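Working notes for the structure below.
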Amino acid sequence: MQIIFRKWDDGAPPAHELWVRPANALNRDRRDLAVLACAEGPQAFEHGAGELTTIVVQQDPTLDDMLAALVLERQLSSRRLPDGFDAVCRYAALAREGLRPGRVPIEDSVEGVLAAIRDEAGGDLTDPAKGAKYLRDWRDLAEAILTGIERGLDPFEKSLVVGDSRFVRVRAFLQEDHKRYQHDVQNGNRWLIEIPGRPGTASGLLLTSPKSVLWKHWARCDEDAPVGKAYLFTAVNWGNGQWVFSTDPVHRQSIQSLADVLNTAEARAPGNSSGSDPWYDGKRHSYTLVGAPRAGSKLTPQQVVRIVKKWCRARRAPDRDKDPVKWLLAGVAVVAVGALAVVSLRPPAVDEDEIPPTPQVTVDDHTFDPTPNDANQLFIIGIGISDYADDAMDLQYADDDARELTQVFREESAGLFAGTADVQLITDGAAVGETGTLAPTRDNILGALLKLEDPGTGITANDLVVITISAHGKTDREGDYYLLTSGYTSLQDPRLHGLSWNSDIVKTLRRLPCTTIVILDTCESGGISHAGTKARGSLNPRRFEVALESAREAYQGNQKGVVVLPACLTLDKAHEDHSWKHGALTLAVLEALQGKVREVSIDSSADAEAEGWLPKPTDGVVQFSEVVWYAQKRVASLTQHLTPDKRGQYVSPWQSNDQLVIRKIPLANRNRPAGRP
């Protein structure tokens, strides 16, 4: 027995097909098809001649439709339903009416899970591939429903999916759905309305192609609605002339008169030559729903909105932030509970007078006694993520930023480390001539980190690991910090497509015997630069060789640990600007490494101690301490006009081992012989 999806027409079913559509015309408007299937079986539904082998469901099925198909499928194959299954059928009938049956939270309910499954399948289920994916996930849900009923669970009181590992990801998605709804509201319009025939003022909400799966549920219990702690009336523009208007069925508020005025206007719209495709008046929904003509309205969106606003006497509701006491308290509450907030790879919040505590790394301190002949090797991982699954999160330059930093670290370190640097680039789409680049997925990034601790990689105490990151990040309620990878979508649980700093990244860093430097350029866009001509030094060859040997020996004798250079404090923005074509921190690091340092100018309103520029290294070797010194001043100078206090972004390194001396970490050789990379 197979299940397929099809758009209904007025014809009769062909041979061997059973349609989940009542055979009796008097039952066509029934909203409880699963109940009908349990009570009367396949004969109550339209079907063709011969043995029935295919069940056909409408192209956009409800929970009630799918349960009806499940009942009919088991009846046709002579498989019994568990006792008490009629309860879930009644539950589905209420959900189909737009009601919230029972006490189960929406994110733990079968209708919530099915809505997420439908959203993930995407598009038109008459497409075989999309329909097959939907059915695979539906089979899992159907099995969970049958198992729950067999265990005696009441769907009105108990979740049928909680505890089932198959739905952990879907439920995590739904738990974040309310935040997607809040974003939809911010992009929509909030109204105060007066529906004809209803006394008093109510709340109305206009949304455009909402990203939230359960927006209708959230709107009907939104305590931030202008009045009544809920939106009585919702209007949704899905694009291409498709509109849906509805009221909460609980209130049985008819909006049939809205369909009347829209049909009158539609008849006069250009290009509408017949009235055979009218606006749906909501008859089958107790007149609580109005929908656009099947082929879409010929009216422009502006015309539709004007008609609707006039019909319900809509006026714009006050902005949420007009009530300062309410929203100040709300903001305090959010901070107090550590609510999730998207940040750009910024460390947890601290007092401004403290050193920015980038993600709380705890690394075992190491003391080494290397022999003078040990060779230093440089390992670089460049991570840049511009292209996210959620287009609204896309960054402009993060991938180019990663490429530029890895290239400059590799080129400018020549002579300080043995051989050629080991580079792994993890970023969006490979550039022309670029090989070995990995897509910035969670698995690829974690795999690259794990490879560092693999004995086959051969990392020793005298090596140096540099990790550059340009992407989005998020801190969860427990303060754990996540690097958000390319599959992440806005307001999703970061565990789905993110790397935990504490659980994933630090587990690798603490096992490495050498020092690791992490550069966190955290502006919303990464940076791209033009390498230009490298500056050349003037030290004589002998002094240069002595300087290199001295730098190598100092690094070998240094303590080991992790050093993180963040772009800003947690609650500050890490800025980028078109004129820089970089994030501020990236620009500063590149300038320091390449010797393209600029004079730093700080206004009197900023820290006077920040004036100056990076002195030319007398030994021809740029140490990490010099990069930090310059980055602090340069970033403050670049961003002081962009911050409210005119102090600019605050940059300060954090290190896991106080005995690690950052002036003994060589990064760039400013006196390479001509012709050498």
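The values are calculated or read from the model by the stated rules, or taken from the named source; none is laboratory data. Bear in mind that the values here come from a model prediction, so they are computed numbers and not experimental data. Neighbour counts run over all protein chains shown; Cβ positions are idealised from the backbone, glycine included. These accessible areas exclude ligands, DNA and RNA; they are computed on the full protein's heavy atoms, side chains included. Shrake-Rupley method; radii C 1.70, N 1.55, O 1.52, S 1.80 Å.
Could you name every one of the strands (runs of 3 or more DSSP E) located completely within the range 1-97 that has at least 2 residues being in contact with a helix residue (DSSP H, G or I) (Cβ under 8 Å, 6 or more places away or on another chain) and not hydroxyl-bearing (Ser, Thr, Tyr)? Lay out the reasoning, then the answer.
Details: elements: 2-6, 17-22, 45-47, 54-58.
Hits in the range 1-97: 2-6, 17-22, 54-58.
I'm checking my understanding of the structure. Among residues of the range 98-122 that are more than 22 Å from the chain's Cα centre (by Cα) and part of a helix (DSSP H, G or I), which one is farthest from Ser286 (Cα to Cα)? Among those residues, the one meeting the criterion is Val110. Just one of the numbered conditions (1) open to solvent by less than 50 Å² (accessible area, probe 1.4 Å); (2) farther than 15 Å from Leu33 by Cα is not true of Tyr91: (2).
Looking at the range 622-643, I want the residues that are open to solvent by less than 20 Å² (accessible area, probe 1.4 Å) and have a partner that is among the basic types (Lys, Arg) and in a helix (DSSP H, G or I) with Cβ atoms under 9 Å, at least 6 apart or on another chain. Which pairs are those? Listed pairs, sorted by first residue: Phe624/Arg663; Phe624/Lys664.
Scanning the range 278-297 for residues that are in a loop (DSSP other than H, G, I, E, B) and closer than 11 Å to Leu262 by Cα returns Pro278, Trp279, Asp281, Ala292, Pro293, Ser297. Checking each residue in the range 375-385 for being open to solvent by 10 Å² or more (accessible area, probe 1.4 Å) and polar (S, T, N, Q) picks out only Gln377. Just wondering, is there one or more residues in the range 314-321 that are modelled with pLDDT under 90 and assigned to a helix (DSSP H, G or I)? Within the range 314-321, one or more residues are modelled with pLDDT under 90 and assigned to a helix (DSSP H, G or I).
Scanning the range 172-199 for residues that are open to solvent by 50 Å² or more (accessible area, probe 1.4 Å) and not in a loop (DSSP other than H, G, I, E, B), which turns out farthest from Asp260 (Cα to Cα)? It comes out as Gln175. Filtering the range 257-290 to residues that are surrounded by fewer than 20 Cβ atoms within 10 Å (Cβ to Cβ), among the polar types (S, T, N, Q) and under 39 Å from the mean Cα position of the chain (by Cα) leaves only Ser286. Applying the set (1) within 25 Å of Ile117 (Cα to Cα); (2) at pLDDT 90 or above to Ser257 leaves exactly one unmet item: (1). Per the conditions (1) in contact with a helix residue (DSSP H, G or I) (Cβ under 9 Å, 6 or more places away or on another chain); (2) farther than 30 Å from Pro210 by Cβ, the sole criterion not satisfied by Gly458 is (1).
Is there a residue in the range 123-136 that is touching a residue at least 60 places away in the same chain (Cβ under 8 Å), open to solvent by less than 10 Å² (accessible area, probe 1.4 Å) and over 24 Å from the mean Cα position of the chain (by Cα)? Yes; the residues of the range 123-136 include at least one that is touching a residue at least 60 places away in the same chain (Cβ under 8 Å), open to solvent by less than 10 Å² (accessible area, probe 1.4 Å) and over 24 Å from the mean Cα position of the chain (by Cα).
Of all residues in the range 398-421, those that are modelled with pLDDT of 85 or more have Cβ atoms under 9 Å from Cβ atoms of residues that are assigned to a helix (DSSP H, G or I) and of a type in the set (Ser, Thr, Tyr), 6 or more apart or on another chain, in Glu404/Thr586; Leu405/Thr586; Ala421/Thr406. Looking across the range 506-523, the residues that are assigned to a loop (DSSP other than H, G, I, E, B), surrounded by 18 or more Cβ atoms within 10 Å (Cβ to Cβ), in contact (Cβ under 8 Å) with a residue 60 or more places away in the chain and not aliphatic (A, V, I, L, M) come down to Asp521, Thr522, Cys523. Looking across the range 161-214, the residues that are within 17 Å of the chain's Cα centre (by Cα) and among the hydroxyl-bearing types (Ser, Thr, Tyr) come down to Tyr181, Ser212. Each residue in the range 209-221 was checked for being closer than 17 Å to Gln175 by Cβ and in a loop (DSSP other than H, G, I, E, B), and 5 of them qualify. The residues on offer are Arg90, Arg30, and the sole one that is without any contact (Cβ under 8 Å) to a residue 60 or more places away in the chain and closer than 18 Å to Thr147 by Cα is Arg90.
Looking only at residues of the range 218-229 that are of a type in the set (A, V, I, L, M) and either crowded, with 19+ Cβ neighbours inside 10 Å or at pLDDT 95 or above (or both), we find that the one that is farthest from Thr288 (Cα to Cα) is Ala225.
Among the candidates Ser503, Ser486, the residue that is open to solvent by 10 Å² or more (accessible area, probe 1.4 Å) and part of a loop (DSSP other than H, G, I, E, B) is uniquely Ser486. Within the range 580-598, residues that are over 14 Å from Asp521 (Cα atoms) and without any contact (Cβ under 8 Å) to a residue 40 or more places away in the chain reach partners that are of a type outside the set (D, E, K, R) and open to solvent by 20 Å² or more (accessible area, probe 1.4 Å) with beta carbons closer than 7 Å, at six or more positions or on different chains, in the pairs Val597/Trp613; Arg598/Trp613. Check whether at least one residue in the range 405-417 is touching a strand residue (DSSP E or B) at 6+ places or on another chain (Cβ under 6 Å), open to solvent by 40 Å² or more (accessible area, probe 1.4 Å) and in a strand (DSSP E or B), and report yes or no. No, because not a single residue in the range 405-417 is touching a strand residue (DSSP E or B) at 6+ places or on another chain (Cβ under 6 Å), open to solvent by 40 Å² or more (accessible area, probe 1.4 Å) and in a strand (DSSP E or B).
Just for the range 489-545: of the residues that are basic (Lys, Arg) and over 26 Å from the mean Cα position of the chain (by Cα), which one is modelled with the highest pLDDT? If we take residues in the range 489-545 being basic (Lys, Arg) and over 26 Å from the mean Cα position of the chain (by Cα), then Arg511 is modelled with the highest pLDDT. Restricting the range 637-661 to residues that are small (Gly, Ala, Ser) and either more than 30 Å from the chain's Cα centre (by Cα) or closer than 14 Å to Asp521 by Cα (or both), the residue that is modelled with the lowest pLDDT is Ser656.
Looking at this structure, is Asp248 open to solvent by less than 30 Å² (accessible area, probe 1.4 Å) and among the acidic types (Asp, Glu)? Considered against the rule, which asks whether it is open to solvent by less than 30 Å² (accessible area, probe 1.4 Å) and among the acidic types (Asp, Glu), Asp248 comes out as yes.
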